[in-house]
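Just below is one structure, and these are the notes that go with it.
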Amino acid sequence: MNAVQQEQSEPGKARAVLQVAKWEFNRFFKIKSMISSVVWTLVFMVIGGGVGYWLAASSDETFQIAVVDYGPIHQDSLYHETAQFHNRTEVPFDSLLASLQQREIHAVLSVDSPDEARIWTQGEPGWVQVLQLRLDELRSDFKIRQYDLTEEAHADIIAPMALERINTRETVVSRADKVLAGVAISLVLMAVFLGFAYQFTAITGEKQQRITEQIVSAIHPQAWIDGKILGISAIGLANILVYGILGLFVSMMLYLVFGTVFPNVLLMINPMLLIVFLSMSVLGVLMWNSFLAAVAATIDDPNSSERSALMLLPTLPVLFAFFALFHPDSTAISIMGWFPLTSFAVMPARMVLTEVAVWEVLVALILLVAVVWLFRRLAGRIFAFSMMIHGKEPGMKEMVHWFKRAE
Amino acid sequence: MIELESVCKSYQRVKAVDALSFSVKEGEIFALLGPNGAGKTTCIRMIMQIIQPDEGLIRFDDRMVYNGKVRRSRLGYLPEERGLYPDTPVLDTLLYLGGLRHSDQKGLKQNALEWLKRFGLLDRRKDKISTLSKGNQQKVQFIASVLHRPDFAVLDEPFSGFDPINQEMISDVIRELRNNGTTILLSAHQMQLVERIADRILLLDSGRERVCGTLQEIRAKTISNRKISVRFEEEVSIDKMKNLKGVRDSSNQEGNSWDVYPEEQFELNQILKQLSELAPITDVNTSESGLHEIFLHSFNNKSN
């Protein structure tokens, strides 16, 4: 007989982790569903694109504007590509208003003086702003003529300031990099939210279906939670891959149909940036899945748990990444680029927009790896003591107590 | 095979298991019995490495241990609270649950198919678990616990959810497992089945051992090996029954019928003579006390 400790690492723990990971992956990642999902996405994209195109085409409508008074403006100079101006100075104003109400015309315009004009419309259409700009130009012309300026003097006055742009950075931020950064962050966010859904189903569902006990009698709780984190992260990464490829495919189709430059994205991608993006994406997905697993392990019933709100936490780094687009070199954003909970989204955004030292990238990666390890251990320990608790959720005090007691 | 030494486990203020010591010998069916809340499941979970004892030791046979740790692949477990993945096919479920303990997938599949055939589920192997009846789901659960041919299997309520025919079949399977070298720790409330298959029995009461031994030994220690069932022509008061010499206990059955449990050293004739003096006897027979009676005698007014 041998006295044994109650905690143990079974030989073949890695095999058990992979087995659970494979099971979780196969449980939720169904090729048939994925194909169906991709097809529907394409269908929606085609429908969305078609409707958008139709809306854009229909917005070419020319606005019909009845002018009751031209004031100091010459009739021929009142034109705009989106509007047709009709001389209605002889038509009674009331009948024009009646036409406006019956939607026969879009507006009635009266230019009362060089400085004042009035327009009657149904509602507050946005194109009035465009008309305002044209009226400003006409007023400006009128005033210049009033002061008897030569055409050269007039052109000189309205000429814009010549601003030469000189970029002192050696590398130029390419449009492709920006596109890549935006797409990568969006895909990672998608993977994290998929993890949110699947971790809940996988962990709380098994607790409720009373499957947990027989599994943790076969393998160590840490192996079980590691397998779940890996398997569900793999689903997220598989989705990133599928939808990434789908994005490229759509881009190529757009190129073939409309001749846009999207296919050049592949040629313009900085390989180093791509490697960092991929590493950060994988680690980011693993980290948040570990975090979500830890939260899910404390939840007894996801329908009534207040902890469900914690699952929205991963959206914060993405928000910070958007702040980084405007202030990539600020101290706060620099720190967020290293800070493990935000680095996976902020660091790639910074790398696209500004110069980031190699050591900063390395620090961010190392810290991220450390936090992934810490979170998975945390999830394993929380799970180990909470798996048998039904009907109530452990409090923070309890969790700290058990975390300290765990192996 | 396994030995518990002064094992204790408390949940907040409740002492679920209190200085419990017992051993399960290799190749036996050992029944752990007790009323609800006696600490059976806590004890089982500690043996299965799911929770840790607060005090005491749990020792396993050397071949169950690797690097000072219990080899979970040698353990089989049918928990009391059990469930399966409803949307997963039967065979896939078995291969997954069995595969967590056993690496030979080919051998597992062969075993799984044999078990399914035996339990009449071979043609349902590709069906989702949710399409099976409760009894068939229980069969799948049972198979999952022994599929990898464990050295030591803990079966917590293995008969629950089964009709009498399937209960008989499961008890046959448990005996067969024992005969093929698997040591079994059993917990169940079906006393008539347990008394037929268990080699030794431990009655657990509030986390402590009440009595342990073979059925005959615990009969002798608790109620009596013999039982006299007697029917009187007229009503006999409980006080008169209590005053009988050489009677350890008696219980009133329907009407004027009584079950009487004599002390071991008393002759049957002495007891019968006293009984006949109480009132005319219309019927009498003797038998051995069953586990059900032992259980009731031991835990009367305790079970909830």
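The values are calculated or read from the model by the stated rules, or taken from the named source; none is laboratory data. The structure displayed is predicted, hence computed values, not measured ones. Positions of Cβ are backbone-derived with ideal geometry, glycine not excepted, and every protein chain shown enters the neighbour counts. The accessibility values were calculated without ligands, DNA or RNA, using every heavy atom of the protein model including side chains. Shrake-Rupley method; radii C 1.70, N 1.55, O 1.52, S 1.80 Å.
Using the average count of surrounding beta-carbon atoms within 10 Å as a protection proxy, the listed peptides A:334-344, A:40-50 rank, highest first, as A:334-344, A:40-50. For chain B, the relative contact order is 21 percent, taking Cα pairs closer than 8 Å that sit 6 or more residues apart in sequence and dividing their mean separation by the residue count. In chain B, with Lys and Arg counted as +1 and Asp and Glu as -1 at Cβ, which of these residues, B:S237, B:F60, B:I197, has the Cα nearest the positive end of the dipole, that is, farthest along it? Most positive-ward Cα: B:F60.
Can you find, among A:L292, A:Q209, A:F29, the residue sitting farthest towards the positive end of the charge dipole of the protein assembly as shown, where Lys and Arg contribute +1 and Asp and Glu -1 at Cβ? Selected residue: A:Q209. Cross-link partners for B:K15 among the lysines, with Cα-Cα distance under 26 Å and sequence neighbours closer than 8 places in the same chain left out: A:K207, A:K392, A:K397, A:K404, B:K40, B:K221, B:K302.
Residues in region B:192-198 carry Karplus couplings, in order, of 5, 7, 4, 5, 7, 10, 7 Hz; the curve used is 6.51 cos²θ - 1.76 cosθ + 1.60 with θ = phi - 60°, and Gly or Pro positions show x.
Charge dipole (Cα centre; +1 on Lys/Arg Cβ, -1 on Asp/Glu Cβ; no other charges) of the protein assembly as shown amounts to roughly 3000 debye.
Each Lys and Arg adds +1 at its Cβ and each Asp and Glu adds -1 at its Cβ; summed about the Cα centre, region B:206-246 shows a dipole of about 240 debye. When only Cα pairs below 8 angstrom with a gap of at least 6 residues are kept, region B:27-168 shows a relative contact order of 31 percent. Amide H contacts for A:Q84 (H built 1.01 Å from N in the peptide plane; partners 5 or more residues away or on another chain; cut-off under 5 Å): A:F63, A:Q64, A:I65. Stretched out straight at 0.36 nm per residue, the stretch from A:K30 to A:D94 would grow longer than its current Cα-Cα span by 16.3 nm. Take A:W127: with every protein chain present and a 1.4 Å probe, its accessible area is about 40 Å².
Amide H contacts of B:G34: B:L204, each under 5 Å away and 5 or more positions distant or on a separate chain (H built 1.01 Å from N in the peptide plane; Pro and chain starts excluded). Taking Cα centre as origin and charging only the Cβ of basic (Lys, Arg, +1) and acidic (Asp, Glu, -1) residues, the dipole magnitude of region B:1-151 rounds to 500 debye. Only protein heavy atoms count here, probed at 1.4 Å, and on that basis chains B and A bury about 3700 Å² of accessible area in total. Using heavy atoms of the protein chains and a probe of 1.4 Å, the accessible area assigned to B:V247 is about 30 Å².
Find which of B:L132, A:V188, A:F320 sits farthest along the positive direction of the dipole of the protein assembly as shown, computed with +1 on the beta-carbon of Lys and Arg, -1 on that of Asp and Glu, about the Cα centre. Positive-end residue among those listed: B:L132. The relative contact order of region A:1-158 comes to 18 percent, based on Cα pairs under 8 Å that sit 6 or more residues apart.
For the pair region A:228-259 and region B:207-244, the centres of their Cα atoms are 76 angstrom apart.
Accessible area ranking (1.4 Å probe, heavy atoms, ligands and nucleic acids excluded), largest first, for A:K30, A:K13, B:K242: B:K242, A:K30, A:K13. Among the listed pairs B:K69/B:K128; A:K22/B:K126; B:K240/B:K273; B:K69/B:K117; A:K22/B:K109, those with a Cα-Cα distance over 24 Å are B:K69/B:K128; B:K69/B:K117. Loop-located trypsin sites (Lys or Arg not before Pro) in region A:39-129 (DSSP state not H, G, I, E or B) with no more than 10 neighbouring Cβ atoms inside 10 Å: A:R103. To put it simply, the accessible area of chain B at a 1.4 Å probe is 42 percent carbon and sulfur. Region B:1-30 and region B:90-169 have Cα centres lying 28 Å from one another.
Computed with a 1.4 Å probe over protein heavy atoms only, the accessible area of B:K273 comes to about 130 Å².
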